1. Expressed in nm², what is the orientationally averaged projection area of the convex hull enclosing the Cα positions of the stretch 252-373?
2. Once both labels are modelled 7 Å past Cα along the beta-carbon direction, what's the Gln308-Glu257 spacing in nm?
3. Sorted from fewest to most neighbouring beta carbons within 10 Å, what does the list Val247, Val103 look like?
4. Which log10 I(q)/I(0) values does the stretch 61-132 give at q = 0.24, 0.27 Å⁻¹ under the Debye formula, counting every alpha carbon as one identical point scatterer?
5. Show me the trypsin sites (Lys or Arg not before Pro) within the stretch 72-138 that DSSP assigns to loop and that have at most 11 other Cβ atoms within 10 Å of their Cβ.
6. For the chain, state the average projected area of the convex hull of the C-alpha atoms over all orientations, rounded to one decimal in nm².
7. Compute the distance from the alpha-carbon center of the stretch 326-341 to that of the stretch 136-199, in whole Å.
8. Could you tell me the center-to-center distance, by alpha carbons, between the stretch 84-128 and the stretch 272-303 in angstrom?
Amino acid sequence: MEVKFFTPTREYSEKKDEFDKAIQSVINSGSFIMGKEVTDFEDAIKKYTGAKYAISVASGTDALVIASDILGFKDKKEVITSPFTFLASASCIAMHNAKPVFVDIDETTFNIDANKIEEKINPNTVGILPIHLFCQMSDMDKIMDLASKNNLRVLEDAAEAFGMRWKGSNGIVYKHSGTIGDMGIFSFFPTKTLGGYGDGGMIVTNDAKLAEMAKMFRVHGASKKYHYDYLGYNSRLDTIQAAVLSVKLKHLDKSIEKRLKVSNWYKKRLIDCEYVKIPGIKGEQKPVYYVFNILAESRDKLVAYLKQNNVGTSIYYPIPLHLQKCFNHLGYKEGDFPVAEKVSKEILALPIYPEITEDEVDFVCTAIKNFYKK
Ligand SMILES: *Cc1c(COP(=O)(O)O)cnc(C)c1O
């Protein structure tokens, strides 16, 4: 047996007719940029997430760069974020010459440790950029509280967090990731829970002014054709991607349910393995298993063994951002964020997608156990 880390082709072959029809209809229409399917998809995202405004762009990275620009994360101002994330969460801050200020992660959730944010706030701080990683959201109660007390803007990197929800202040309503801060972003990179057949991204907000700016920024800063109010970007979602994503969104709740089921298959099989730790969920929230991680003893040897046994895995993230060459100028050194550094040496993502079978999960877990028996 071979278990791939990720395979988009199973879903395609299951729903081939639906995808083919959606793609073909865009080709027939000849409207490849910001066609009708794009507006329809934006409306569907608003409906699904409860956001007042949804502005599609060319990628999650672009969404972060554009939103950072709009929120004033620039000109030597400071923005607090986590070092344990994908590069784009911090490069979007540095890109406009603002300074990413890192805070270590929580050892259970791997998200930013909200208890360590306040000590980093100073008069130069303008924002907080929490990332909702892997399967759960950051502590949005604490983050929003700190933001309102200190007049900071919050940009949620919800690139991995589609479908995740956080308990509302009334304790009943769950708010979708990305819709709690000033702005939020999603990525539709193919591996993501809502993934396209290429790059794609979305900015969401409940603020009319911010939404209007995002709409201008994605078309070179134009308020109308050839009238440029700002220096903007060329960053739009392809109509074909919107058509594919609309098909996927229709089936998303089922996919999310299936991911939860798969996560339970893993938990059941690995719970008694003393060399493996399974991360927990914190806070009143609805997780989505975009990634299923374990903390593994002798991680790198396990990876090699699993590879030999035809099991694909991935490491998110092998080097925390404060130790990356591109951030040398920030002056961080090894030891600055001990939790992030430790987790980066032990974390391992196992294959999880709605189409994976229980036999395949069995195969992966048996291989893991066999490795530790040796
Ligand atoms: C995937 C991802 C991004 C970037 O999204 P792209 O669509 O690949 O540009 C940003 N932040 C995080 C946390 C991600 O996982």
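Each reported figure results from applying straightforward, stated rules to the coordinates on display, with no laboratory input. Just so we're clear, the structure is a prediction, and the values are computed from it rather than from any experiment. Cβ atoms come from the backbone with ideal geometry, glycine included; neighbour counts cover every protein chain shown.
1. Projected over every direction and averaged, the Cα hull of the stretch 252-373 covers 9.4 nm².
2. 4.1 nm
3. So the ranking, lowest neighbour count to highest, is Val247, Val103.
4. Debye intensities relative to I(0), on a log10 scale: -1.04, -1.23.
5. Answer by residue number: Lys76.
6. It is 19.1 nm².
7. So the separation of the two Cα centres works out to 25 Å.
8. 23 Å
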